[in-house]
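Reading through the structure tokens given below for one structure.
The values are calculated or read from the model by the stated rules, or taken from the named source; none is laboratory data. Since we're looking at a predicted model, the values are computed, not measured. Don't worry about glycine lacking a Cβ; one is built from the backbone with ideal geometry, like all the others, and counts go over all protein chains shown. The protein model used for the area step is the full one, side chains on, heavy atoms only, and it has no ligands, DNA or RNA in it. Shrake-Rupley method; radii C 1.70, N 1.55, O 1.52, S 1.80 Å.
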Amino acid sequence: MAGDVTAGHVTAGLRRDAIGLREVLFQSITAMAPAAAVAASIPSGAAFAGGSLPLAVLIALVACLFTASCVAELARELPAAGSVATYAAQGLHPAVGFLVGWGYVFVESLVPPLLLLQLGFTTAGTLHDEWPSYPADLWWPWALAGAAIIAAAGYLGVRASARFGTVLGVFEILVFLVFALWLIGKAGGHNTLSVFGTSHAADGYGGVSGVFAGSVYTVLAFAGFEAAAPLAEETRDPRRTMHRAVLGAALAIGLFYVVTTYAMTVYFGPDRFARFGASGEASWEGVARASFGLFWVLVFLAVVNSTIANANACSNVSTRTAFALARIRVLPRMFTALHPRHRSPVAGIAVQSVVAVGAALGLGLGYDPVTAFLLLATVIVTVVIGVYIVVNLACAGYFLRRRRQALKPTRHLLLPLLGIVAFVPALLTAAGLPVFDFVTELTAPVSYAGPIVGAWMAAGLVVLAVLLRRHPERIAETARVHLDEPALTGTSQNGAAQR
């Protein structure tokens, strides 16, 4: 088993060649939470795009493919558990790489509690609707059950965790695809390609402006396509596999979003789709309840399944990113502890479980689970979109500075620029900055997201300053690609070579 030697410390490495394309593809797919996005995230754009929401989704898909292309290019060049941190370190500067890793591990550790909250209030609300004697606010036992499942999957190692995510991902996609095809068939003569035009935009947001506003909200449903990248060191043929997984997930799930949104739009009616949402009669579950009998149970189970799969995938991301940063000692060494058999980062999984349960229960009981969900979602989306913008810059920087002979202007310069342009409006929207007329200014406690992100990144700057003064070599190692180093027998170590 390969390991690393850093300043006299020997650390066993993650399990090499444990998973293949199928598992890492579904790592990214489940991190995008397709069922939950179709049922909850994407309908938020209907208030602006109305019955033209399928066009908004298509625009968001094209925009996200710009950044997905950049991530895929860097994942092929730099297969590392540090993923986005390594990309920024190589393409821009190691200090930027540290700050990206600092922010990324923070928000990815908040995704599991976010999904546990959604699991809790979704399950409790549905049970209350079916059996009024069940308290609608008794959500927390379901959140705890979800936390236990995710911790167990992570503890058993990347192979078990990734295969678990694959099974969950296949189920949720099949349920919504079957339902979408059913809706298209039931729509009959109401099927129309006019929903890919601007004529059905919501009142007050006519034409292109409504579609653009809807696409900004829809972009947020694509977050997570890069989640395969932190598993690079545990993947067979990572340079080829990572590239295919990241691009494949973004494209496949983007088309899934287009098909499902089109199906519901033409069935429900384009001209009244502006009132479609995430709950009630005008929602995926509401339509399933009213028109398709017990099929709503499958829709409900697919959404619940999606929350668990997403939390599992993002737990993999946070623990691997923490392992990579701890390996070079910019995070505490405890995060490099691995299970002797499963090679899973057990210390990281334990900390992730404590954070997940603590944040879900603390915020959910302190406010309410829906408010806590919105607060965490705003924190996460703000940082993740910022990371995407930096990764686009890093792609251009890497090929200009380090791989000039492989530079392709369209792929490595134009697409990163378009990716930045696509995500800036989404960043302003997520932060609640009313630069556009469709952006709503955030209210407390959701408005606390900005100060929370600011405080965490300020703490990162302090840590960065201390490390640059005392241990500058650790910051430099954020650019290190461990798979580029030959694994040696006997002592099981890697050299300290850097790309």
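Take Val357 and tell me if it is surrounded by 19 or more Cβ atoms within 10 Å (Cβ to Cβ) and within 20 Å of the chain's Cα centre (by Cα). Can you show your working first?
On the way: surrounded by 19 or more Cβ atoms within 10 Å (Cβ to Cβ): yes; within 20 Å of the chain's Cα centre (by Cα): yes.
So Val357 fits the description; yes.
Determine if segment 127-135 includes at least one residue that is open to solvent by less than 50 Å² (accessible area, probe 1.4 Å), of a type in the set (A, V, I, L, M, F, W, C) and in contact with a helix residue (DSSP H, G or I) (Cβ under 6 Å, 6 or more places away or on another chain).
No: zero hits.
Can you name the condition, by its number, that Tyr217 falls short on among (1) closer than 26 Å to Thr371 by Cα; (2) free of Cβ contacts under 8 Å to residues at least 60 places away in the same chain?
Result: Tyr217 fails condition (2) only.
For segment 200-249, name all the residues that are open to solvent by 30 Å² or more (accessible area, probe 1.4 Å) and among the β-branched types (Val, Ile, Thr).
If the condition is that a residue be open to solvent by 30 Å² or more (accessible area, probe 1.4 Å) and among the β-branched types (Val, Ile, Thr), then Val208 is the only one that fits.
Of these, Arg289, Arg272, which one is at pLDDT below 90, in a helix (DSSP H, G or I) and of a type in the set (Lys, Arg)?
Values: Arg272 fails: at pLDDT below 90.
Residue meeting the stated conditions: Arg289.
I'm trying to understand the selection: among the residues of segment 88-126, which are farther than 28 Å from Ala153 by Cα and open to solvent by 10 Å² or more (accessible area, probe 1.4 Å)? Spell out the reasoning first.
If we filter segment 88-126 for residues that are farther than 28 Å from Ala153 by Cα, which is where we start, we get 88-99.
Hits for segment 88-126 are Leu92, His93, Pro94, Ala95, Val96, Leu99.
One residue is enough: does segment 384-391 have a residue meeting the conditions hydroxyl-bearing (Ser, Thr, Tyr), in a helix (DSSP H, G or I), at pLDDT below 95 and surrounded by 17 or more Cβ atoms within 10 Å (Cβ to Cβ)? Steps first, answer last, please.
Of all residues in segment 384-391, those hydroxyl-bearing (Ser, Thr, Tyr) come to 388.
Checking the rest, the ones that are also in a helix (DSSP H, G or I) come to 388.
If we keep only those that are at pLDDT below 95 as well, we get 388.
In the following step, the residues that additionally are surrounded by 17 or more Cβ atoms within 10 Å (Cβ to Cβ) were identified as 388.
Yes, that holds for at least one residue.
Open to solvent by less than 20 Å² (accessible area, probe 1.4 Å), of a type in the set (Val, Ile, Thr), touching a Pro at 6+ places or on another chain (Cβ under 8 Å) and in contact (Cβ under 8 Å) with a residue 60 or more places away in the chain - does that describe any residue in segment 300-320?
yes
Okay, residues lined up against (1) open to solvent by 20 Å² or more (accessible area, probe 1.4 Å); (2) not in a helix (DSSP H, G or I):
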| residue | (1), (2) |
| --- | --- |
| Leu433 | yes, yes |
| Gly454 | yes, no |
| Leu461 | yes, no |
| Ile475 | no, no |
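Across segment 399-423, what is the total count of residues that are among the β-branched types (Val, Ile, Thr) and open to solvent by less than 60 Å² (accessible area, probe 1.4 Å)?
Counting residues in segment 399-423 that are among the β-branched types (Val, Ile, Thr) and open to solvent by less than 60 Å² (accessible area, probe 1.4 Å) gives 1.
Go through (1) among the aliphatic types (A, V, I, L, M); (2) more than 15 Å from His200 (Cα to Cα); (3) surrounded by 23 or more Cβ atoms within 10 Å (Cβ to Cβ); (4) at pLDDT 90 or above for Ala63 and report which single condition fails.
(4)
Restricting segment 151-199 to residues that are assigned to a loop (DSSP other than H, G, I, E, B) and either open to solvent by 40 Å² or more (accessible area, probe 1.4 Å) or touching a strand residue (DSSP E or B) at 6+ places or on another chain (Cβ under 6 Å) (or both), which is nearest to Leu116 (Cα to Cα)? Give the steps one after another, and end with the answer.
The initial filter retains those residues of segment 151-199 that are assigned to a loop (DSSP other than H, G, I, E, B), namely 156-157, 191-192, 197-199.
Then keep just the ones that are either open to solvent by 40 Å² or more (accessible area, probe 1.4 Å) or touching a strand residue (DSSP E or B) at 6+ places or on another chain (Cβ under 6 Å) (or both); that gives 156, 191-192, 198-199.
Details: Leu156: 20, Asn191: 37, Thr192: 38, Thr198: 37, Ser199: 39 Å.
Within segment 151-199, the match that is nearest to Leu116 (Cα to Cα) is Leu156.
To keep it simple, each residue is scored yes or no on (1) more than 22 Å from the chain's Cα centre (by Cα); (2) not charged (D, E, K, R).
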{"residue": "Val390", "(1), (2)": "no, yes"}
{"residue": "Cys395", "(1), (2)": "no, yes"}
{"residue": "Arg404", "(1), (2)": "yes, no"}
{"residue": "Leu413", "(1), (2)": "yes, yes"}
{"residue": "Gly419", "(1), (2)": "no, yes"}
{"residue": "Ala430", "(1), (2)": "no, yes"}
{"residue": "Pro434", "(1), (2)": "yes, yes"}
{"residue": "Tyr448", "(1), (2)": "no, yes"}
{"residue": "Leu467", "(1), (2)": "yes, yes"}
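Can you pull out every residue in segment 24-60 that is more than 30 Å from Gly280 (Cβ to Cβ) and open to solvent by 10 Å² or more (accessible area, probe 1.4 Å)? Even if it seems obvious, please write down each step before you answer.
So in segment 24-60, the residues more than 30 Å from Gly280 (Cβ to Cβ) come out as 24-28.
Hits for segment 24-60 are Leu25, Phe26.
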